[in-house]
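Participant: Once you've had a glance at the structure underneath, I'll fire off some questions.
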Amino acid sequence: MHEAHFPRRAAIDFYGNGGFRFADMSHRGSILCLPSGIYAWDVSDISGLAPEKLDQLLREAGQVEILLVGTGQDLVPLSAPIKSLLHDHEISHDPMSTGAAIRTFNVLLAEKRAVAAALIAVE
């Protein structure tokens, strides 16, 4: 079985009910939006965000200036190890609710900015 991956950047059209809609497709679960595309992301709660869950992002770090982190329904600060990891790779980060992260991601994507998003699905 192949890892779920949409091979280009796309705006997020809808979120909720445990997933997202983008590019006339839908995905159930969390997603990682990177310069190389949109990936299924095995994180359902921000407390489960371990450094290895960002490996794909780190492989593309040179193409990302800012990471928007959709932490679910509410804003939850990132842990010190995650902040340090992103700082070491020169990636600015901004945690916010998933809805706010999607709105910000779509605007920055339309402006052709070097943005990535880690979005935790919400019901």
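Participant: Which of the residues belonging to the range 12-32 are farther than 17 Å from Ile46 by Cα and hydrophobic (A, V, I, L, M, F, W, C)?
Facilitator: Hits for the range 12-32 are Ile12, Phe14, Phe20, Phe22, Ala23, Met25.
Participant: With within 11 Å of Leu119 (Cα to Cα) and without any contact (Cβ under 8 Å) to a residue 24 or more places away in the chain as the only criterion, which of Asp42, Asp24 stands out?
Facilitator: After applying the criteria, what remains is Asp42.
Participant: Going residue by residue through the range 22-39, is there one that turns out to be among the β-branched types (Val, Ile, Thr), under 17 Å from Leu57 (Cβ atoms) and in contact with a Gly (Cβ under 7 Å, 6 or more places away or on another chain)?
Facilitator: no
Participant: Another one. Looking at the range 46-69, can you tell me whether even one residue there is closer than 19 Å to Glu123 by Cβ and modelled with pLDDT of 95 or more?
Facilitator: yes
Participant: Return the pairs, sorted by first residue and then second, in which the second residue is among the basic types (Lys, Arg) and part of a helix (DSSP H, G or I), the first residue lies in the range 81-110 and is more than 21 Å from Leu58 (Cα to Cα) and without any contact (Cβ under 8 Å) to a residue 12 or more places away in the chain, the beta carbons are less than 9 Å apart, and the residues are 6+ apart or on different chains.
Facilitator: none
Participant: So, in the range 1-18, how many residues would count as being in a loop (DSSP other than H, G, I, E, B) and not aliphatic (A, V, I, L, M)?
Facilitator: Keep residues of the range 1-18 that are in a loop (DSSP other than H, G, I, E, B), which gives 1-4, 7-13, 17-18.
Add one more test, that the residue is not aliphatic (A, V, I, L, M), and what stays is 2-3, 7-9, 13, 17-18.
So the answer is 8.
The values are calculated or read from the model by the stated rules, or taken from the named source; none is laboratory data. Keep in mind it's a predicted model, so treat the numbers as computed, not measured. Backbone-built Cβ (ideal geometry, glycine too); neighbour counts: all protein chains shown.
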